[in-house]
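Visitor: Below is the structure I would like to discuss, written out as structure tokens.
What follows draws every value from the coordinates through simple rules; no lab data is involved. Only a predicted model underlies this, so the values are computations on that prediction, with no experimental measurement involved. All Cβ positions, glycine included, derive from the backbone under ideal geometry; neighbour counts span all protein chains shown.
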Amino acid sequence: MIFTTLEHILTHISFSIISIVITIHLMILLVHEIVGLRDSLEKGMIATFFSITGLLVSRWISSGHFPLSNLYESLIFLSCSFSIIHMISKMGNHKNDLSTITAPSTIFTQGFATSGFLTEMHQSAILVPALQSQWLMMHVSMMLLSYAALLCGSLLSVALLVITFRKNIDIFFKGNNFLIKSFFFGEIQYLNEKRSVFKNTSFLSFRNYYKYQLTQRLDYWSYRVISLGFTFLTIGILCGAVWANEAWGSYWNWDPKETWAFITWTIFAIYLHTRTRIHIRSRTNQNLQSTNSALVASIGFLIIWICYFGINLLGIGLHSYGSFTLTST
């Protein structure tokens, strides 16, 4: 009873802290002059991590097994993984804005986990025989860490695509508008427009340079985070294959979950292949290649949710433990 009460308290604490973190981040985006808000944001993410970790530890003690036995526990661990990814990214660089993605992702996953959809899974249950293995901790934790990293990296790629396509659309419409005006209003008006363009060249160059730096930074962090997630995914699949051989007598069964995990691995392998070719291309080809790799990562974002969540909705196959109808992962 005491552990159940502690779980509820820690759940509300972590949810409240991460809500405050998102509010602080919005304030930083709107008002840059407020000193100390960024430090408060980082402290909030650390406090969220310890609250969720305390929740998982208390559930581990009360149930007697690692808390990854159903969809509710996996969502809580996924929200914890987002916090871990955020802190890992801060170790080498103190100026990245990955919290723009990690903080909303944490509150989204935790909010869904504590919603009424998964009420029956809030209570710990005895593990089914297939899950009573030491591989449960290694396999499932690696897969969820990979999902968190790949989702964050994919969202960075989505942001890169939005900025790139918006910039191209603005250039296209401004160019057409300029040509139409020069055609209808004559050569004098055209020359006046041309002079105004030269006057604003420095401002436009600065603006384009800022966008260029932003896209480069998004591409850089997307590549790093996806590389980390791909490593976790590979380890998780290998551990799952060994565990499957022990539990079911075969390393691979082409179960729906296994099939979509393989598709996910293939998509991000293609991303890494296209992304690593950027360094041997010219700058024009580099920009095009970055856009292409970001498009592959964006497709991977949808594939991850199908692999993790979509298969659980169906509740079929050997990995039906994490469905809504059953109470085990």
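Visitor: What is segment 42-84 by shape, rounded, prolate or oblate, if you read a ≥ b ≥ c off the alpha carbon gyration tensor as root eigenvalues and call it rounded for a/c under 1.5, prolate for a/b larger than b/c, and oblate otherwise?
Guide: oblate
Visitor: Ranked highest first by average number of other Cβ atoms within 10 Å, how do 76-87, 264-275, 102-113, 242-253 line up?
Guide: Result, highest mean Cβ count within 10 Å first: 76-87, 102-113, 264-275, 242-253.
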